Amino acid sequence: PAPQAPVAGRPRVVNMVFCDGSPVGGVQTWALRLAREFATGNLGYEVRTLLVTPQPETVPAWAADPTTHTSVCVFDPTSDHTEILETIRRSVAALEPAIVLPNFTDVCYMVAHQCRALGTRIVAVAHTDHDYYRDLMTTYSGWDVGVGVSSACMAWVRPLAGSRPTRQ
């Protein structure tokens with residue numbers, strides 16, 4: 001994405017969503033609704049969505065609508081892993097986040113933790129009560145706030161968080 005200066009007085013949240021074209025799941029829809037809600041309400045934060053994909057044809061049409069506050073990062077899946085990480089990290093950095101939500105992909109968590117070293121905070125979201133999310137949040141355990149979408153998720157997010165804030 002092109003560099004975008006944050007709105008003064010409103011910390012920017014970058015919601016990273018891996019876009020693989022799968023019709024299963026609702027994280028993209030949730031990200032779209034979250035950005036729109038924060039744009040229309042006076043909720044104190046500016047929310048941007050960054051769709052991360054190796055397949056530009058999987059990017060939904062709504063991403064081009066400026067009211068969705070969405071940017072796209074396309075990376076070459078045949079590139080070296082460090083080059084892929086750097087491509088995604090530069091895309092996140094161009095958005096100047098104060099907070100990053102890496103969501104459900106290993107590569108997004110890796111980049112979020114690279115950004116954390118520069119002062120960006122991480123909100124880890126458990127979108128389902130599945131071992132995959134537990135593994136992500138355990139492997140990339142340097143997040144600042146944990147969110148679980150259900151009481152089942154919160155049953156393992158709270159102990160994993162220790163003294164860090166959690167919300168359902």
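Inspect the stretch 1-12 for any residue being β-branched (Val, Ile, Thr) and not in a loop (DSSP other than H, G, I, E, B) and give the result as yes or no. No: the stretch 1-12 contains no residue that is β-branched (Val, Ile, Thr) and not in a loop (DSSP other than H, G, I, E, B). Apart from one condition, THR87 fits all of (1) of a type in the set (Ser, Thr, Tyr); (2) touching a residue at least 24 places away in the same chain (Cβ under 8 Å); (3) under 22 Å from PRO6 (Cα atoms); the exception is (2).
Scanning the stretch 130-146 for residues being surrounded by 21 or more Cβ atoms within 10 Å (Cβ to Cβ) and not in a helix (DSSP H, G or I) gives a total of 2. Regarding LEU43, is this residue in a helix (DSSP H, G or I), open to solvent by 20 Å² or more (accessible area, probe 1.4 Å) and under 16 Å from ILE99 (Cβ atoms)? Here the answer is no, as LEU43 does not meet what is asked. Looking at VAL107, VAL111, just one residue is crowded, with 21+ Cβ neighbours inside 10 Å and farther than 20 Å from ALA35 by Cα, and that residue is VAL111. Count of the stretch 51-98 residues, restricted to those that are open to solvent by 30 Å² or more (accessible area, probe 1.4 Å) and assigned to a strand (DSSP E or B), is 2.
Restrict the check to the stretch 25-48 and report whether at least one residue is of a type in the set (Ser, Thr, Tyr) and closer than 25 Å to SER79 by Cα. No, the stretch 25-48 contains no residue that is of a type in the set (Ser, Thr, Tyr) and closer than 25 Å to SER79 by Cα. If you go through the stretch 117-129 and pick out every residue that is surrounded by 12 or more Cβ atoms within 10 Å (Cβ to Cβ) and either out of contact with any Phe, Trp or Tyr (no Cβ under 6 Å at 6 or more places or on another chain) or assigned to a loop (DSSP other than H, G, I, E, B) (or both), you end up with 7. The listed residues are ILE99, ILE84, ILE88, and the only one of them that is among the aliphatic types (A, V, I, L, M), under 27 Å from ASP131 (Cα atoms) and over 15 Å from the mean Cα position of the chain (by Cα) turns out to be ILE84. Please go through the stretch 8-24 and pick out each residue that is modelled with pLDDT under 85 and open to solvent by less than 70 Å² (accessible area, probe 1.4 Å). The answer is GLY21, SER22.
The values are calculated or read from the model by the stated rules, or taken from the named source; none is laboratory data. Worth saying up front: this structure is predicted, and the values here are computed from it rather than measured. For neighbour counting, all protein chains shown are included, and Cβ atoms are generated from backbone atoms with ideal geometry for every residue, glycine included. These accessible areas exclude ligands, DNA and RNA; they are computed on the full protein's heavy atoms, side chains included. Shrake-Rupley method; radii C 1.70, N 1.55, O 1.52, S 1.80 Å.
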